[in-house]
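No lab work stands behind these numbers, since they all come straight from the coordinates. Nothing here was measured: the structure is a model prediction, and the numbers come from that model. Positions of Cβ are generated from backbone atoms using ideal geometry, with glycine treated the same way; all protein chains shown enter the neighbour counts.
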Amino acid sequence: MADNRNYQWIDPGIVQRPEYPFIESWIYEGAKVIDLGCGNGSLLRLLQERKRIKEYGIELSESGVTICKDHGLHVRQGRIDIPLNDIPDHAYDFSICNVTLQMVTNPEITLTEMKRISKYQILSFPNFAFLSQRLELLFLGRMPQRLLYGYTWYSTGHIHQLSIKDFRRDTAALGLSVKESVFLVGKHRMPAAFMPNLLATEAIMLLEKNSHD
């Protein structure tokens with residue numbers, strides 16, 4: 001049985017994920033960027049190549065850290081849902097957590113730390129309130145499978161299944177506001193942000209601290 005709770009990363013080169021063009025478009029040349037849950041460093045390598053960023057990453061998987069270091073990236077092993085005491089306040093222009101927030105034990109700590117260490121926060125996550133998810137639970141009476149990509153409810157790394165509404169509400173409570181957003185259906189951008197909580201499979205958000213915080 002497939003199990004993706006313990007990642008063993010490989011190095012296929014820079015893989016172009018659907019989120020990457022939108023994340024790249026938000027990051028300016030020479031920015032200081034930290035990628036939380038950076039995997040094999042594919043996104044950091046792309047940004048380094050195209051935007052000449054000053055990069056840093058944190059990754060839990062030893063195999064991911066090894067690949068990152070093999071490519072000369074500044075990455076350390078560790079969790080991203082605990083206080084990042086080695087990183088000063090306002091150390092980065094951007095912090096990124098790409099399709100990882102739903103996999104950590106304490107996502108609110110991840111968000112709080114991203115707010116502390118960076119001016120802007122970029123997050124992407126699968127939207128578990130997507131229409132087919134709702135219908136599968138309603139009519140089949142089982143945990144929806146579409147966004148688990150071949151895994152089961154117990155063998156997936158997804159431990160906090162959130163919706164776009166959940167994310168907006170809880171980030172607002174943490175003093176973060178959405179500056180820009182993109183919604184995907186599969187690998188394609190939604191032509192308009194019409195009912196994204198119902199129709200989008202994934203959200204990509206650029207956030208910033210509220211001005212009064």
If you go through the range 115-145, how many residues are in a helix (DSSP H, G or I) and closer than 30 Å to residue 34 by Cα? 3
Scope the range 160-200; condition under 26 Å from residue 95 (Cβ atoms) and in a loop (DSSP other than H, G, I, E, B); matching residues: 160, 161, 162, 163, 174, 175, 187, 190, 193, 200
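Can you say whether residue 78 is in contact with a strand residue (DSSP E or B) (Cβ under 6 Å, 6 or more places away or on another chain) and small (Gly, Ala, Ser), as far as the supplied structure shows?
Values: in contact with a strand residue (DSSP E or B) (Cβ under 6 Å, 6 or more places away or on another chain): yes; small (Gly, Ala, Ser): yes.
So residue 78 fits the description; yes.
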Name the residue, out of 102, 77, that is surrounded by fewer than 22 Cβ atoms within 10 Å (Cβ to Cβ), out of contact with any helix residue (DSSP H, G or I) (no Cβ under 7 Å at 6 or more places or on another chain) and of a type in the set (S, T, N, Q). 102
State whether one or more residues within the range 70-85 are in contact with a Gly (Cβ under 7 Å, 6 or more places away or on another chain), over 24 Å from residue 172 (Cα atoms) and among the hydrophobic types (A, V, I, L, M, F, W, C). yes
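Using the structure shown, decide if residue 157 is in a loop (DSSP other than H, G, I, E, B), at positive phi and either crowded, with 18+ Cβ neighbours inside 10 Å or not polar (S, T, N, Q) (or both).
Values: in a loop (DSSP other than H, G, I, E, B): yes; at positive phi: no; either crowded, with 18+ Cβ neighbours inside 10 Å or not polar (S, T, N, Q) (or both): yes.
The answer is no for residue 157.
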